[in-house]
Amino acid sequence: MNFRLTALLLVALTGTALAQPSNNPRVESLRIAFITERLDLSPKESEVFWPAIRVHHRELESLRKRIDELLDEATAGVTEKRAEEIFLALHGLQQAELERRELLLKDAAEVVGYARALRLPAAERQFRVRMAEEIRDRKAGPPPRH
């Protein structure tokens with residue numbers, strides 16, 4: 001049981017980091033611009049696309065928050081019985097997260113077609129990588145002068 005709980009915790013931790021919109025309005029507007037460009041959304045498509053995507057992202061954030069709460073509880077030390085309850089609850093929440101992601105892509109496909117909708121996860125991943133690089137570069141400071 002402990003191995004299964006550990007494996008589930010690792011999957012949950014990696015899954016919660018994916019496709020999270022930012023609470024920072026500036027970063028969120030950069031994300032929207034980046035993805036809009038990557039998916040080649042017209043202004044008319046954007047008007048329909050982004051409100052639908054925001055609904056899904058809010059629900060995904062809620063699911064991730066509940067997953068994080070259970071993971072925090074599990075890592076604080078629990079009885080075997082509670083660990084099993086957490087394991088089952090995490091499984092259900094992760095299943096709900098998967099279903100929500102599927103709905104997100106389906107709704108996106110209704111607006112922009114399947115080909116462009118399937119580019120959404122890659123665009124989100126590219127944005128996260130670009131932001132991580134930007135943060136890393138800023139922390140490193142300017143290059144040395146010679």
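The values are calculated or read from the model by the stated rules, or taken from the named source; none is laboratory data. Note that the structure is a prediction, hence the values are computed from the model and not measured. For neighbour counting, all protein chains shown are included, and Cβ atoms are generated from backbone atoms with ideal geometry for every residue, glycine included.
Flag not set for residue 64, criterion: assigned to a helix (DSSP H, G or I), surrounded by fewer than 16 Cβ atoms within 10 Å (Cβ to Cβ), in contact with a Leu (Cβ under 9 Å, 6 or more places away or on another chain) and not aromatic (Phe, Trp, Tyr). Can you find, within the stretch 113-135, the residue that is modelled with the lowest pLDDT among those that are in contact with a Lys or Arg (Cβ under 9 Å, 6 or more places away or on another chain) and hydrophobic (A, V, I, L, M, F, W, C)? Going through the qualifying residues, I end up with 131. Any residue in the stretch 75-95 that is in contact with a helix residue (DSSP H, G or I) (Cβ under 8 Å, 6 or more places away or on another chain) and closer than 21 Å to residue 23 by Cα? No.
Could you tell me whether residue 59 is charged (D, E, K, R), exposed (fewer than 15 other Cβ atoms within 10 Å of the Cβ), in a helix (DSSP H, G or I) and modelled with pLDDT of 95 or more? So residue 59 fails the test. Pairs meeting the criteria (first residue in the stretch 58-71 and touching a residue at least 12 places away in the same chain (Cβ under 8 Å) and on the phi < 0 side of the Ramachandran plot, second residue surrounded by 17 or more Cβ atoms within 10 Å (Cβ to Cβ) and polar (S, T, N, Q), beta carbons under 6 Å, at least 6 apart or on different chains) are 64/16; 67/16.
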